[in-house]
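Some notes on the structure that comes next.
The values are calculated or read from the model by the stated rules, or taken from the named source; none is laboratory data. Predicted model, so just to flag it, every value in this text is computed and none were measured. Don't worry about glycine lacking a Cβ; one is built from the backbone with ideal geometry, like all the others, and counts go over all protein chains shown. Remember, those area values only see protein heavy atoms, side chains included, never the ligands or the DNA or RNA. Shrake-Rupley method; radii C 1.70, N 1.55, O 1.52, S 1.80 Å.
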Amino acid sequence: MPTMASNVWSARRRLLSSIAAMAMAMLGCGGATGTGVAPSMKLALTTEPSLTAVSGQVLARQPVIQLQDANSAAVSQAGVVVTAAIASGGGTLSGTTTATTSASGAATFSNLAITGSGAQTLQFTAPSLTGATSTAVTVSAASGGGTVLFQENFEDTNFGARGWYDLPGSGITSLSSTDHIAGSTQSLQMNFAQGATNPSPSTGARHLFTPSDGVYLRYWVKHSSNWAGPGQHQFYFVTTEEDQYVGPAWTHLTAYVDEQFPSDGVHLVLGAQDGQNIDVSRLNQDLTTVTETRAISGCNGNPDIGTVNISCYQNAGVWSNLKEWKSPQAVFVNTAGTKYFGDWHKVEAYFHLNSIVNGIGQRDGVAQLWVDGQLIIDLHQLMF
């Protein structure tokens, strides 16, 4: 069951991993009313476009323009058409290059993309109004999948030589040469006794790779026909804030791919924990618009759309948290067919940290999950 992780973009906030990485917050607009397009009105960028982009691909963070008066107070007026164009850098802008303000005076673009390379800035204009220019977007050439950070094919047991560390005392020895995917000769086999929650022998291990603000993971998995759970942690990613031997459940940031096994079959889960960031003096208060010194995965607020589980709890006297995004239906079932868990299945996961603008986390992080090429979880407005 080969695994591969790759980085997709580079950004200011860098992450490491024991098996990889991620970080995010909010922004708001004031309110005012206006009746006509006054010459003193202007355009202001309340959401900057992505700081980095891949040539020809839709920007991960789309710009939002707000009408403002001469004192920079928001003006609530619908129907003003805002046009986007390349201001500098010589690239080509594609997508829907106009957006119309809503009743709040905000114009939101949805599918802008820049074709070119290097630093590019965007200009936003509207008739009779002072325009706005974005910060630079660094555009790189499409690379067909990013940089491969590491790949494991389980062809032999010499894992230490390939960068794996913190191995079990006996090392990882449970390889199968009789059951594997096409193109491989072996797979990692984990055996669970009936009722056990951990495999025997233990197979946990860690791997460092180049820090990245985005990470893509691909692996193949197969369950025995008599698999009955329980759910298992598949992969953890931690950040450069942590020691390389950190226990991943209580950190400044852990992201993970998990497996849960309710009665209808196997569900896959993407999750995040940042228990070491919890402000225990203000538990269960939403601090996401108050301060950056707070947790985001529970205990101090949760602004994310699509979160199915968020928790704030004590473990051995220490406050911990988690938030999760779960596949709506079972992705593997104990019934013959395309979802049969006794067959090999390809799982892909992608996490991208939210950006930080002027010291404030932006709600633009990404969590995605595919099973056998089908997009199961697709979230783009997350804080990590």
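Leaving ligands and nucleic acids out of the surface, order T338, T254 by accessible area at 1.4 Å, largest first.
Details: T338 125, T254 0 Å².
In descending accessible area the options line up as T338, T254.
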_Bins of 10 Å, beginning at zero and ending with the bin holding the largest distance: percent of Cα pairs per bin for region 104-257, please._
7, 25, 27, 17, 12, 8, 3, 0
*Wrap a convex hull around the Cα atoms of region 83-192, take a quarter of its surface area, and give that in square nanometres.*
13.7 nm²
*With every protein chain in place, region 228-346: carbon and sulfur % of accessible area (1.4 Å)*: 49 percent
*How large, in Å, is region 241-359 by the Kirkwood hydrodynamic radius built from its alpha-carbon pairs?*
16.1 Å
*Let me know the charge dipole size of the chain about its Cα centre in debye, to the nearest 20, where only the beta-carbon of Lys, Arg (+1) and Asp, Glu (-1) is charged.*
580 debye
*Quick one: if you stick a label point 7 Å off each Cα along the C-beta vector at D286 and T108, how many nm between them?*
1.6 nm
*Would you kindly state how much longer the chain becomes between S225 and V58 on full extension, computed as 0.36 nm times their sequence separation minus their alpha carbon distance, in nm to one decimal?*
55.9 nm
_How large a share of the accessible area of region 76-118, in percent, is made up of carbon and sulfur atoms when the probe is 1.4 Å and the other protein chains stay in place?_
52 percent
*1.4 Å probe accessible area per residue over the chain, in Å²*: 44 Å²
*Where does the Debye-calculated log10 I(q)/I(0) of region 225-298 sit at q = 0.25, 0.26 Å⁻¹, using only Cα point scatterers of equal weight, no solvent?*
-1.07, -1.10
*Among P248, P201, P211: highest mean-square fluctuation, GNM of the chain, C-alpha pairs under 10 Å*: P201
*To the nearest 10 square angstrom, how much accessible area does S212 have with a 1.4 angstrom probe?*
0 Å²
*Relative to the present Cα-Cα distance, how much length would full extension add between T210 and T173 at 0.36 nm per residue of separation?*
10.6 nm
*asked:* Tell me the accessible surface of F109 in square angstrom (1.4 angstrom probe, heavy atoms of protein chains only), to the nearest ten.
replied: 10 Å²
_Please list, short to long, the whole-number percent of alpha-carbon pairs of region 77-138 in consecutive 10 angstrom bins beginning at zero._
23, 51, 22, 3
*Note down the nm distance, to one decimal, between modelled labels 7 Å out along Cα→Cβ at F192 and at A85.*
6.1 nm
*Quickly work out the L379-to-N158 label distance, labels modelled 7 Å from Cα along the C-beta direction, and quote it in nm with one decimal.*
4.2 nm
*asked:* When 1/r is averaged over all different Cα pairs and the result inverted, which Kirkwood radius in Å belongs to region 146-187?
replied: 11.6 Å
*Semi-axes of region 166-290's equivalent ellipsoid from the Cα gyration tensor, sqrt of 5 times each eigenvalue, largest first, rounded to whole Å?*
31, 19, 15
*Just how many % of Cα pairs in the chain lie over 26 Å apart, if you round to the nearest whole percent?*
58 percent
